[in-house]
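Written out below as structure tokens is the structure these notes cover.
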Amino acid sequence: MFIKRLPKFVNHGPKSLPEALDLLAKYGHTAKVYAGGTDLLVAMKKREILPEHLINLKGITELKGIHYDGIEGIRVGAAATLAEIEQSKVIEEKFCILWDAVHVMASPQVRTLGTIGGNLCSAVPSADTAPPLIAMGASLNLVGIHGERKVLAQDFFRGPKESVLQRNEILTQILIPNFPPRSSGVYLKLMRRNALDLAIVGVAAFLRLDPNKQICGEAKIALGAVAPTPIRAPLAEEILIRKEINEVLAGEAGKAASVVCHPISDMRSSLEYRCNMVEVLTKRAVLEAYRRIL
Ligand SMILES: Cc1cc2nc3c(=O)[nH]c(=O)nc-3n(C[C@H](O)[C@H](O)[C@H](O)COP(=O)(O)OP(=O)(O)OC[C@H]3O[C@@H](n4cnc5c(N)ncnc54)[C@H](O)[C@@H]3O)c2cc1C
């Protein structure tokens, strides 16, 4: 494929959030914010999008860092890189579903540049950080010139490459609540090869067991790359709740998950294969989440 040069643009490097929001308001539809540029610059090279002004978010302190609080949970800055998340011991140990996802994304080079905020705001159905954040009940902080609002990760996506983010808003932080006792989860991703590939199917499972019992008290299953947006699988979740987790039950949940998905066939996989693999991966994810609790 012939790779074109980047089209001409003016680069802006704001040092604060208000400065970035002012630039967005000033240049309106001719401007785009970016962090790592691993999605945006590729789209610009393909001439899918031609902004005249680029606003670099990586110099803004409010968007940086990973802050853990034993009571509230963890706040991940939207401009935190995938590599920073992968290297975070707190995320690996306490928010393992997100760590599982980031660990299998792209390549070390892309993870060094790419950010969690960019992954979410690209809003592609296969975005790997989306199912884990949905399964963990995360919320996203969106800030515009008129104030800020919080949106649950599961309500953020509207369609392929579409989200509730307004043109004049910036995603600043991702808030993930602490896991309750006797809970854990996992993210499993199916790819055509073991690196540098988007998901054919991604499944995130979060389970909480009832206190002192082996019965499932809470279950959240989120699927990626099998619908126009990342989705929950409520039928699969209902099958698990108030039951003892075992192989048969996990298999039933897998079947129920494959019913809610409505993928497309594309160069990565056929629709039928994706649905079959949702069933297989959901069963595996439920059993692995359960194993991690015990
Ligand atoms: C070789 C390669 C492999 C890849 N593999 C994977 C993979 O395995 N899994 C996967 O999910 N993705 C993958 N990607 C896609 C990409 O790397 C990720 O989505 C990455 O996390 C994007 O982050 P970024 O900071 O580079 O986004 P950018 O390109 O900077 O921005 C992406 C979009 O989000 C907007 N945006 C960015 N930050 C904000 C913000 N804080 N507020 C509002 N809007 C914002 C931008 O305007 C733009 O529209 C891959 C890309 C490449 C090139």
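Things worth noting here:
- DSSP H segments from the chain that extend 24 Å or more along their own axis, Cα-based, with Kyte-Doolittle mean of 1.6 or above: none
- The eigenvalues of the Cα gyration tensor, multiplied by 5 and square-rooted, give the chain an equivalent ellipsoid with semi-axes of 34, 22, 16 Å from largest to smallest.
- Modelled this way, with points 7 Å down the Cα-to-C-beta line, the labels at GLU19 and VAL164 are 3.1 nm from one another.
- Peptides 149-159, 43-53, 248-258 ranked from most to least packed, by the mean per-residue count of other Cβ atoms within 10 Å: 248-258, 149-159, 43-53.
- Residue-averaged 222 nm ellipticity for the chain, from DSSP H runs of 4+ at -39500 (n - 2.57), nearest 500: -10000 deg cm²/dmol
- Of VAL259, VAL42, VAL33, the residue with the greatest mean-square motion in the GNM of the chain, using alpha carbon springs below 10 Å, is VAL42.
- Accessible surface of segment 139-277, 1.4 Å probe, proportion on carbon and sulfur as whole %: 53
- Cα-based shape type of segment 102-214, given that a ≥ b ≥ c are square roots of the gyration tensor eigenvalues and the cut on a/c is 1.5: oblate
- Each residue of segment 20-120 gets 108 Å³ once the volume of the Cα convex hull is shared out per residue.
- Lysines with Cα under 23 Å of LYS283, excluding same-chain neighbours fewer than 8 positions away: LYS94, LYS189, LYS213, LYS220, LYS243, LYS255
- Each listed q (0.10, 0.11, 0.17 Å⁻¹) maps to a log10 I(q)/I(0) for segment 130-275, found by the Debye formula over equal Cα scatterers with no solvent: -0.40, -0.48, -1.02.
- Were the residues from LYS213 through VAL90 laid out at 0.36 nm apart, the gain over their Cα-Cα distance would be 41.6 nm.
- Take the Cα of ASN276, step 7 Å toward its Cβ, do the same at ILE241, and the gap between the two points is 3.2 nm.
- The residues of segment 129-236 expose, per residue, 40 Å² of accessible area to a 1.4 Å probe.
The values are calculated or read from the model by the stated rules, or taken from the named source; none is laboratory data. Keep in mind that this is a model prediction, so the values were computed, not measured. Note: ideal-geometry Cβ built from the backbone for every residue, glycine included; neighbour counts use all protein chains shown. Protein only, heavy atoms only, side chains kept; ligands, DNA and RNA dropped before computing areas. Shrake-Rupley method; radii C 1.70, N 1.55, O 1.52, S 1.80 Å.
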